[in-house]
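Here's the structure, in structure tokens; my notes come after.
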Amino acid sequence: MYQPQWEAMPREELRALQARRLGELFQRLEASPFYRDRVRITEAMRRDPLAALPDLPLTSKADLREHYPWGFVAVPSESVARIHASSGTKGKPTVVAYTARDLDTWSDLCARALVAAGAKPGHRIHNAYGYGLFTGGLGLHQGIERLGATVIPASGGATRRQVTLLVDLAPDGLCCTPSFALMLAETMDEMGVDRSRLSLRYGIFGAEPWTDAMRRRIEARLHLSAVDIYGLSEVMGPGVAVECHQAKEGLHLFEDHFVAEVVDPRTGEVLGPGEQGELVLTTLTKEAMPLLRYRTGDLVRLDPTPCVCGRTHSRMSRVLGRVDDMLIVRGVNVFPSEVERILLEFPLLAPNYQLVWEAGAMDRLRVEVESQMPLEDSRDLAARVAARIRAELGVTLEVSVLAPRTIPRPEGKAVRVVDRRAAVAGTP
Ligand code: DLL
């Protein structure tokens with residue numbers, strides 16, 4: 001562990017620490033233009049901050065957009081050391097601010113995440129998350145430096161050059177999105193790179209949803225141990241939660257800096273341990289942009305039981321889906337991650353797929369997935385995949401098995417859902 005005094009704190013002490021920090025947060029909210037008028041400190045909040053929390057209002061992404069760019073900043077502008085922005089494609093980005101102390105905390109949390117994956121001081125770590133406004137690149141960069149490891153700041157893109165660096169500089173660890181990890185593997189095949197020339201031991205993959213089936217593919221193709229890292233710009237960036245390499249069963253959520261709640265996305269009602277709902281996060285220590293009960297839009301479950309690694313922080317499940325990404329196909333709820341899990345049960349299929357909405361008498365959702373190798377006739381395979389989806393998810397989806405490398409690879413996050421309905425409607 002990087003900070004065992006915090007990461008393995010007895011849960012009683014952790015609760016007491018959360019209560020104290022939450023009380024301090026309530027005070028700080030008075031300096032936030034957004035919260036100043038919305039949150040009045042009551043006697044109940046003073047007495048027992050944690051018990052009072054579920055009665056306080058939720059904050060949404062729409063609130064952040066409406067108060068763009070500075071409405072949530074709770075410190076004088078000269079105390080803001082850095083700005084990042086969300087990768088959101090809809091409308092204006094969400095801008096987030098950090099003080100020097102926020103950056104310091106963030107570095108520690110990313111160092112914790114790296115150690116949870118297997119990193120040690122002195123290791124070399126190749127960081128292929130995008131640098132710039134996106135939090136992935138600079139966030140993990142600081143974590144690698146904080147740990148005392150060597151950072152290779154590769155950023156995204158230029159895949160062939162990255163493969164060359166991975167062979168020549170012999171890093172121990174790799175940080176990137178799971179889809180980019182697979183693209184590196186594909187490019188290695190094209191370049192004829194012998195995997196025994198790779199020195200990679202672990203990978204820290206996140207920023208987009210992926211499944212255990214995808215983990216197995218990545219581990220087999222890159223010969224490393226893969227862990228999941230979670231975070232979001234609004235709350236900090238990467239380093240909110242991470243799996244430990246010992247268990248790989250849920251992501252330890254750094255509860256000394258965040259209070260996590262799981263709520264029913266429709267009613268906002270707080271759910272119990274083990275129940276699936278929307279993750280809501282409160283930042284306990286952030287200075288520049290504290291957030292109270294922020295709705296992440298990510299569907300998870302929380303498990304507070306002890307872990308073999310000794311960390312005491314609750315574990316959240318992988319992100320099971322997004323509140324706004326749930327696809328409703330003829331009344332049946334479908335999450336892309338469920339389709340991914342089924343696709344990857346077929347060894348002939350590559351982990352590159354998209355779910356495509358098409359116009360018709362009724363909207364249709366088609367699964368486009370690549371095969372691992374060129375197939376003469378893929379109809380039988382497509383029919384078997386469709387049958388498995390029907391049996392497991394209770395919904396009929398058309399399936400097309402495409403030739404290798406036909407689905408576009410974006411530089412940032414994988415695009416799993418494509419809407420071709422508007423394009424068709426707009427065609428004369
Ligand atoms: O993606 C921060 C990050 C960078 C996390 C690098 C991990 C590694 P945003 O661009 O603001 O920040 O996107 C946040 O991405 O609400 C989730 O929906 C999704 N997401 C992030 N990590 C995971 C993950 C970064 N491990 C949004 N699994 C979040 C599934 C993830 N979804």
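Per residue of the range 246-263, what does 6.51 cos²θ - 1.76 cosθ + 1.60 with θ = phi - 60° give for ³J(HN,Hα)? Whole Hz please, x for Gly and Pro, Karplus curve as stated.
Going residue by residue, I get 5, 9, 6, 9, x, 9, 5, 9, 6, 6, 6, 10, 9, 9, 9, 10, 10, 10 Hz, with x marking Gly and Pro.
Could you sort R405, R295 by their accessible area in this structure, using a 1.4 Å probe and putting the largest first? Could the numbers behind the result be given before it?
Details: R405 115, R295 65 Å².
Descending accessible area places them as R405, R295.
How high is the FRET efficiency from A247 to F346, r the C-beta distance, R0 30 Å, rounded to 0.05? Intermediate values should be presented prior to the final figure.
On the way: r = 28 Å, r/R0 = 0.93.
Efficiency computed from Cβ-Cβ geometry: 0.60.
Counting helices only, and only those DSSP H runs with n ≥ 4, report the 222 nm mean residue ellipticity of the chain as the sum of -39,500 (n - 2.57) divided by its residues, in deg cm²/dmol to the nearest 500. The partial results should precede the final answer.
Working: 14 runs with 136 residues, N = 428.
Mean residue ellipticity at 222 nm (helix-derived): -9000 deg cm²/dmol.
What's the extension gain from R28 to E275 if we count 0.36 nm per residue and subtract their Cα-Cα distance?
On the way: separation 247, 0.36 × 247 = 88.92 nm, distance 3.14 nm.
Difference between extended and current length: 85.8 nm.
Return one number: the angle in degrees, 0 to 90 and rounded to the nearest 10, between the long axis of the Cα atoms of helix 100-117 and the longest principal axis of the Cα atoms of the chain.
That works out to roughly 50 degrees.
Report, in degrees rounded to the nearest 10, the 0 to 90 angle that the Cα long axis of helix 178-191 makes with the longest principal axis of the chain.
Relative to the chain, helix 178-191 is tipped by roughly 40 degrees.
Could you identify which residue out of F26, F346, F72 has the top mean-square fluctuation in a GNM of the chain using Cα springs shorter than 10 Å?
F346
Multiplying the sequence separation of D264 and L58 by 0.36 nm and subtracting their Cα-Cα distance, what value in nm do you get?
Values: separation 206, 0.36 × 206 = 74.16 nm, distance 1.22 nm.
That works out to 72.9 nm of additional length.
For K61, go through the lysines and keep the ones whose alpha-carbon is under 22 Å away, minus same-chain ones fewer than eight residues off.
Partners within reach: K90, K92, K286, K413.
Please list 3J(HN,Hα) in residue order for the range 282-289, calculated via the Karplus relation 6.51 cos²θ - 1.76 cosθ + 1.60 where θ = phi - 60°; whole Hz, with x for glycine and proline.
3J(HN,Hα) across the range 282-289, in whole Hz: 10, 8, 8, 10, 5, 9, 5, 9.
Could you calculate the FRET efficiency of I41 with T305 from 1/(1 + (r/R0)^6), where r is the beta carbon distance between them and R0 is 35 Å, rounded to 0.05? Can you show the working numbers first?
Numbers: r = 34 Å, r/R0 = 0.96.
Given R0 = 35 Å and the Cβ-Cβ separation, E is 0.55.
Between the range 121-162 and the range 357-406, how many Å separate their Cα centres?
Distance between centres, Cα-based: 36 Å.
What angle, in degrees between 0 and 90 and rounded to the nearest 10, separates the Cα long axis of helix 212-222 from the longest principal axis of the Cα atoms of the chain?
70
Quick one: if you stick a label point 7 Å off each Cα along the C-beta vector at M326 and R20, how many nm between them?
Placing both labels 7 Å beyond Cα along the Cβ direction yields 4.0 nm.
Between A81 and A361, what length in nm is gained on full extension when 0.36 nm per residue of separation is reduced by their alpha carbon distance?
Numbers: separation 280, 0.36 × 280 = 100.80 nm, distance 5.37 nm.
Gain on stretching A81 to A361: 95.4 nm.
Among 198-208, 33-43, 272-282, 106-116, how do they line up from the highest to the lowest mean number of other beta-carbon atoms within 10 Å? Present the calculation step by step, with values, prior to reporting the outcome.
Working: 198-208: 22.5, 33-43: 13.8, 272-282: 18.8, 106-116: 25.7.
So the order, starting with the most tightly packed, is 106-116, 198-208, 272-282, 33-43.
Among F346, I204, L25, whose Cα sits farthest toward the positive end of the charge dipole of the chain (+1 at Cβ of Lys/Arg, -1 at Cβ of Asp/Glu, about the Cα centre)?
Result: I204, furthest along the dipole toward the positive end.
The values are calculated or read from the model by the stated rules, or taken from the named source; none is laboratory data. None of the values given here were measured: they were computed from a predicted structure. All Cβ positions, even for glycine, are placed from backbone atoms using ideal geometry, and neighbour counts span all protein chains on display. Accessible surface is based on the protein model in full, side chains and every heavy atom, while ligands, DNA and RNA are left aside. Shrake-Rupley method; radii C 1.70, N 1.55, O 1.52, S 1.80 Å.
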